[in-house]
1. Go through (1) outside any helix (DSSP H, G or I); (2) of a type in the set (A, V, I, L, M); (3) surrounded by 16 or more Cβ atoms within 10 Å (Cβ to Cβ); (4) at pLDDT below 95 one by one and return the number of the condition V75 breaks.
2. For the subset of segment 120-173 comprising residues that are in a strand (DSSP E or B) and of a type in the set (K, R), which member is farthest from V214 (Cα to Cα)?
3. How do the pairs read when you match residues in segment 92-103 that are of a type in the set (G, A, S) with residues anywhere that are surrounded by fewer than 20 Cβ atoms within 10 Å (Cβ to Cβ), using Cβ under 6 Å and keeping only pairs 6 or more apart or on different chains?
4. Select from segment 60-72 the residues that are surrounded by 16 or more Cβ atoms within 10 Å (Cβ to Cβ) and either within 15 Å of R107 (Cα to Cα) or in contact with a Lys or Arg (Cβ under 7 Å, 6 or more places away or on another chain) (or both) and list them in ascending order.
5. Check F201, F168 and return the single one that is touching a helix residue (DSSP H, G or I) at 6+ places or on another chain (Cβ under 9 Å) and either farther than 25 Å from L101 by Cα or touching a residue at least 12 places away in the same chain (Cβ under 8 Å) (or both).
6. Return yes or no: is I157 buried (at least 21 other Cβ atoms within 10 Å of the Cβ), β-branched (V, I, T) and either out of contact with any helix residue (DSSP H, G or I) (no Cβ under 7 Å at 6 or more places or on another chain) or within 22 Å of C203 (Cα to Cα) (or both)?
7. How many of the residues in segment 104-119 are over 18 Å from Y211 (Cα atoms) and in contact (Cβ under 8 Å) with a residue 40 or more places away in the chain?
8. Could you list, in sequence order, all residues of segment 174-198 that are assigned to a loop (DSSP other than H, G, I, E, B) and either in contact (Cβ under 8 Å) with a residue 60 or more places away in the chain or among the β-branched types (V, I, T) (or both)?
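The values are calculated or read from the model by the stated rules, or taken from the named source; none is laboratory data. Computed from a prediction, not measured in an experiment: that's the story for all the values here. Positions of Cβ are generated from backbone atoms using ideal geometry, with glycine treated the same way; all protein chains shown enter the neighbour counts.
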Amino acid sequence: MTSMGLHKCWKITRAMVSFIIFLSFLEESKACEYDHASLEAFVRDRANQEIAKARAGTLYDIPLPSNFSGMNFSVLRVRSGSLRRRGANYSSYNLPPLIKLEPYVKRIAIIFENFGNWSSRYYHVPNHTIVAPVLGLLAYNTSETALVLSRRLNLSIREETPIKVRFFRSWVHGNNEEKPVCAKLGDDGRLVELKEMREPFVCDTQSEGHYTLVVPVLEEAKNKDARQRYHNRTRWAALIGIGSGLIVLLLVICVFVVIKLLKRRKLKTMEETAEKGEIIGEFWVGLSKMPSASMVRTQPALEN
């Protein structure tokens with residue numbers, strides 16, 4: 001009974017501790033719960049599994065599971081020489097001629113990414129609001145056996161003839177009075193640089209990467225976000241405090257139950273020992289059975 005009670009207490013305590021740990025990391029994980037490297041590897045695997053014998057110069061959509069609804073990824077296999085001579089115009093990207101490839105390979109696979117309504121989950125620009133989908137352009141080496149290999153390649157071009165990343169006007173949301181600016185984003189989801197647009201809804205760039213449009217956050221909105229974050233931290237701190245108090249209370253109850261069980265077991269053992277040490281007889285008085293202890297009478301002794 002004691003071991004069973006201890007086991008139950010331990011299981012409940014472990015479950016509550018796990019829950020408290022989960023709560024403590026939940027708020028922090030919201031900002032970085034979407035892993036870019038894992039998504040990149042997943043998209044490569046899907047392209048290799050779902051697209052067989054891809055033809056050069058043909059753009060293929062990469063099928064994604066339903067839980068990635070809202071994202072759009074496509075892949076293009078092209079010869080490096082053809083890309084350098086003629087460039088390419090696919091999806092929202094215009095790649096002009098004379099693009100340099102580092103390191104040089106004969107064929108490359110270019111993945112075009114549109115994060116759609118997932119953009120703000122994977123990417124964050126401090127003091128700015130993302131008002132358009134994040135678009136990505138990534139280059140990989142390729143082979144006859146696999147459409148997209150894991151080796152990333154660098155694309156570069158002169159500033160006079162940049163790569164153009166085009167956003168449809170219908171993609172841009174938010175206050176029309178605010179003029180968006182281009183934001184280049186790193187592989188870790190953080191801001192690399194901000195740049196003014198030369199053409200409406202077009203970002204100029206000299207390299208591959210991820211791009212979007214952002215507008216500055218107003219001071220009032222900043223204060224509102226700060227208050228919201230403060231309330232969220234307070235709420236999580238209260239929940240963690242309550243959970244910790246419940247764990248302490250549960251441990252006290254478990255200790256109390258175990259002590260009581262140990263005392264009860266010890267008393268039972270003493271009673272069993274006493275019963276085995278003395279044999280008590282029984283006799284009937286009327287219709288009732290009564291205990292009768294054995295008795296040794298004092299033998300009479302003759303006096304001189």
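1. Answer for V75: the failing condition is (4).
2. R152
3. S92/R166
4. Once the filter is applied, which keeps residues that are surrounded by 16 or more Cβ atoms within 10 Å (Cβ to Cβ) and either within 15 Å of R107 (Cα to Cα) or in contact with a Lys or Arg (Cβ under 7 Å, 6 or more places away or on another chain) (or both), segment 60-72 yields I62, L64.
5. F201
6. Values: buried (at least 21 other Cβ atoms within 10 Å of the Cβ): no; β-branched (V, I, T): yes; either out of contact with any helix residue (DSSP H, G or I) (no Cβ under 7 Å at 6 or more places or on another chain) or within 22 Å of C203 (Cα to Cα) (or both): yes.
No.
7. Within segment 104-119, residues that are over 18 Å from Y211 (Cα atoms) and in contact (Cβ under 8 Å) with a residue 40 or more places away in the chain number 4.
8. First pass over segment 174-198, keeping only residues assigned to a loop (DSSP other than H, G, I, E, B): 174-180, 186-190, 196-198.
Scanning segment 174-198 gives D187, D188, G189, R190.
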